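Visitor: Can you read through this structure? Questions will come right after.
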Amino acid sequence: MVRICQPKSRQALVALLLVAATLSSCHAPRGNKMFDPKQVAFTATCNPLFDNQLYPSLILATNQAVPGNLNSQLSTFSLALTAPADNSVLRIVIDSSALNYVTIFQEILPRRGEQYTFNPSIKWKYDVLRAQRTPRAVDLTFTCYINDEEVDLKNLHLTCRTVNECPLSLASDNEVVDLRWLFAAYVNEDHPQIEQILTDILEQGTVGRLSGYQTNRAQDVEEQVFAVWYYALSHGITYSSITCTSNPSPRANVQHIRFFDQVWNSRQANCVDACVFFASILRKIGLKPVIFVEPCHAYLGYYTDRNRKQIALLETTITSWVNFPDLERSLDDDGRLPEAKFEKVKKYLSENEIERYQEGRMTFDQLKFAVARSLFQKASEYDRDTYNANREHFADSNSITYQQLDIELLRKQVQPIN
């Protein structure tokens, strides 16, 4: 507490007023700033490729990328300003929002009058981004300080897309950036549900062990893939083409992709969803899956040897040709299929197998196994012609229309999202 005494003379009063004036001047706000905002010309912009849209899938997939593996053209934000003095200290503060924590970016600007551009890394709330299932608006504020003096601030109004929304390509005024390698982010070999699925696969008895390439025999690898195939058929995964999103950007070509657990729980998948689902399990057991992308379609491949010399193909959407759970629900009291149901599956059986079932010498489980074998064979051959016809395109690293997405190789750049 400040104690004020009455002065005893005019001289004392003048002295007291001088002290008061001095104290007042110490706390008075400075009227003029050292740096002119117009001279600094600070700007904060969202990458034009994104058209003011934030893509959680891209942020989550690349947050652990090896430095240098991703082009700076995919940076979300760009900061630009002109240095107002030699060796000035720049500090940018990005306020917290529903999607990010407070982020501080600091650099030295060596030369006065030179323009500098930076692409800051944001401290995202990754758990929030992973849970993003509907689009939402978000406002970000960027405040610019020079030598601890606040110079300017910029606000950006953005829309955060859903985490299921995968940008396939983004267009600027003079280029198109292909992002279909982002399919690899939806492959999740670490999903906890896979452990139980592997246990169930072994219990079904179609294969003795899931050992990857330990024997390095193509036949053993294909038997493991068939075991996964049979289990997927038994689960009843059907084809469902859900690809559209509400994204309004004319620059973006996007697709809705289901995650591993969404495929499993809904029992629905389109060509990409099914490739992602199978590739997740194959990666978990140590195999090397590849997703082949063609115009309007994708199918699965996998190496049958650890040295990547031979590759096999699998049209995963063929799982929807027969619904085993539906067949099982239609069995009569004797465990037999009604004639109408049998007519739908007997085209996948040999004459001998048809005869055995009709004579009662084949059980329903044996019927399922025989149908699964037949469908696996068809799925392995289904894309062979188109693959052979386009092998040169797949081998061309500059091709956008045809791509060969090797999940193991892409892991240096792309991590699983969910």
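Every number here is computed from the coordinates shown, using simple stated rules; none is lab data. The model shown is predicted, which means the values in this text are computed figures rather than measured ones. Note that we place each Cβ from the backbone using ideal geometry, even for glycine, and neighbour counts take in every protein chain shown.
Visitor: If you take the beta carbon distance between residue 190 and residue 389 as r and set R0 to 35 Å, what does 1/(1 + (r/R0)^6) give as a FRET efficiency, to the nearest 0.05? Write down the numbers at each step before the final one.
Guide: On the way: r = 35 Å, r/R0 = 1.01.
Taking R0 as 35 Å, the efficiency between residue 190 and residue 389 is 0.50.
Visitor: Anything over 28 Å Cα to Cα? Flag those among 309/368; 284/412; 309/378; 284/378; 341/378; 288/341, in the order listed. Please list the in-between numbers first.
Guide: Working: 309/368 33 Å; 284/412 17 Å; 309/378 22 Å; 284/378 25 Å; 341/378 21 Å; 288/341 37 Å.
From 309/368; 284/412; 309/378; 284/378; 341/378; 288/341, over 28 Å: 309/368; 288/341.
Visitor: Just how large is the dipole of the chain about the Cα centre, in debye to the nearest 20, putting +1 at every Lys and Arg Cβ and -1 at every Asp and Glu Cβ? All intermediate terms of the calculation are to be shown ahead of the outcome.
Guide: On the way: 43 positive and 48 negative charges, 382 e Å.
Using Cβ point charges on Lys, Arg, Asp and Glu, the chain gives about 1840 debye.
Visitor: Continuing with the same structure: Can you tell me which aspartates and glutamates have their Cα less than 14 Å from the Cα of residue 344? Leave out same-chain residues fewer than eight positions away.
Guide: Output for residue 344: 326, 328.
Visitor: Excluding residue 63 itself, what net charge comes from residues whose Cβ is under 13 Å from its Cβ, given Lys and Arg +1 and Asp and Glu -1?
Guide: Details: positive: 123, 125, 130; negative: 127.
In short, +2.
Visitor: Can you give the local net charge around residue 221? Use residues other than it whose beta-carbon is closer than 13 angstrom to its beta-carbon, Lys and Arg +1, Asp and Glu -1. Before the final figure, lay out the partial values.
Guide: On the way: positive: 209, 217, 288, 306, 308, 309; negative: 220, 222, 223, 305.
Its environment carries a net charge of +2.
Visitor: May I ask you to derive the FRET efficiency for residue 359 and residue 409 from their Cβ-Cβ distance with R0 = 56 Å, giving the value to the nearest 0.05?
Guide: Working: r = 51 Å, r/R0 = 0.92.
So, using R0 = 56 Å, E works out to roughly 0.65.
Visitor: In the stretch 117-149, which trypsin sites (Lys or Arg not before Pro) are in a loop and have at most 16 other Cβ atoms within 10 Å, using DSSP for the loop call?
Guide: On the way: sites: 123, 125, 130, 133, 136; in loops: 123, 125, 133.
Counting only loop positions with at most 16 other Cβ atoms within 10 Å, the trypsin sites (Lys or Arg not before Pro) in the stretch 117-149 are 123, 125, 133.
Visitor: With helices defined as uninterrupted DSSP H runs, which ones in the chain have an alpha carbon span along their own long axis of at least 18 Å and mean Kyte-Doolittle hydropathy of at least -1.0? Let's see the in-between values first.
Guide: Values: long enough: 10-27 (26 Å, 1.31); 218-235 (26 Å, -0.02); 271-284 (20 Å, 1.30); 364-381 (26 Å, -0.13).
TM-like helix candidates: 10-27, 218-235, 271-284, 364-381.
Visitor: Which one, (1) 39; (2) 47; (3) 54, gives percent of Cα pairs over 31 Å apart as derived from the coordinates shown?
Guide: Calculated percent of Cα pairs over 31 Å apart: the matching label is (3).
Visitor: Between residue 156 and residue 209, how high is the FRET efficiency from 1/(1 + (r/R0)^6) when r is the Cβ-Cβ distance and R₀ = 56 Å? Nearest 0.05. Numbers along the way, then the final one.
Guide: Working: r = 54 Å, r/R0 = 0.96.
After rounding to 0.05, the efficiency reads 0.55.
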